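Notes to accompany the following structure.
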Amino acid sequence: MMAELFNGLHPVVQALFAGIFTWSITALGAAMVFINRNVNLRLLDGMLGFAGGVMIAASIWSLLLPSIDLAAELGGIPWIPAAIGFAAGWLFIWGLDKNVPHLHIGLPDDDSKDTEDSRHRVTLLVVAITLHNIPEGLAIGVAFGAAAAGFPTAALAGAIALTIGIGIQNFPEGLAISMPLRRLGISRMKSFWYGQLSAVVEPVMAVVGAAAVVFASPILPYALSFAAGAMFFVVIEEVLPESIVNRNIGQAATGFLVGFLVMMVLDVALG
């Protein structure tokens, strides 16, 4: 059904709608603040682990493997664009992480020493999740751009599977920002607002990613692996440490494995 809705649309428009969908799931997670002020930490850690598993599986099946296959179809050395793009994406997010002040949710953070002021703390929390969402939006846009390019290894169904997977893992991200804000004494409405605001970057970056590969198709293998490298960095440096800070390692590990399995099945079944 989703494929029918996307068929016939320009890939940039497809990416925009996909980004709006993933943003809406983040907003849904943030809206849980209206139901409860607190969340079970074991459940949250399991959900964060799940998010990490989805992102890693999506990076492999929806981004890295298609990057290698596309490079081979274009007549190049298959691993070179994947390696260069992956390293570039990782270094890009690493640079943002080092130079943009933000607060790691639930973790003692060197950047948070002067964050007693709640407004400053809110800003740092929102920036943290926004950094998570930049590579996710790029990945969605690049996937739809790849499908529009007509390569056999890049199908519209695969881009939709990636969108669904990222949407699923966005739910705990919205929850992970709105609940801490509520515990800081921020109102429910403001906690929800800041939680959903962190994902507004996804539709924007989805459009950027789709436009880049539509108008410059030779960069496609590099763009796919760039998004993969960025997502890997986010998972390893941010998501997984946050999922085990409360020492619920079993829940986080189980969530990761389930998330990986779900995204793998989605991508293979739909792609």
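The values are calculated or read from the model by the stated rules, or taken from the named source; none is laboratory data. Everything numeric in this text was worked out from a predicted model, so none of it was measured. Every residue, glycine among them, receives a Cβ derived from its backbone with ideal geometry; neighbour counts consider all protein chains shown. Side chains are part of the model used for accessible areas, which takes the heavy atoms of the whole protein and leaves out ligands, DNA and RNA. Shrake-Rupley method; radii C 1.70, N 1.55, O 1.52, S 1.80 Å.
Residues of segment 202-225 with the amide nitrogen closer than 20 Å to a label point 7 Å from the Cα of Leu74, along Cα-to-Cβ, please. The answer is 206-225, whose backbone nitrogens lie closer than 20 Å to the label point.
Exposed loop sites are taken as trypsin sites (Lys or Arg not before Pro) in a DSSP loop (any state but H, G, I, E or B) with at most 13 other beta carbon atoms within 10 Å; the longest stretch of the chain without one runs 114-246.
Ligands, DNA and RNA are left out, and with a 1.4 angstrom probe the accessible area of segment 213-271 is 46 Å² per residue.
Each label point was placed 7 Å from the Cα along the Cα-to-Cβ direction; for Ala157 and Asn99 their separation is 4.2 nm. In the elastic network of the chain, a GNM with C-alpha springs shorter than 10 Å, the most mobile of Pro101, Pro221, Pro11 is Pro101. Taking the accessible area of segment 127-205, probe 1.4 Å, and keeping the other protein chains in place, the carbon and sulfur fraction comes to 72%. Model label sites at Ile20 and Arg188, defined 7 Å from Cα along the beta-carbon direction, differ in position by 2.8 nm. Taking amide H atoms as placed 1.01 Å from N in the peptide plane, the amide H of Val39 has no partner under 5 Å among residues 5 or more positions away or on other chains.
Computed from point charges on the beta carbon alone (+1 for Lys and Arg, -1 for Asp and Glu), the dipole magnitude for the chain about its Cα centre is near 680 Debye.
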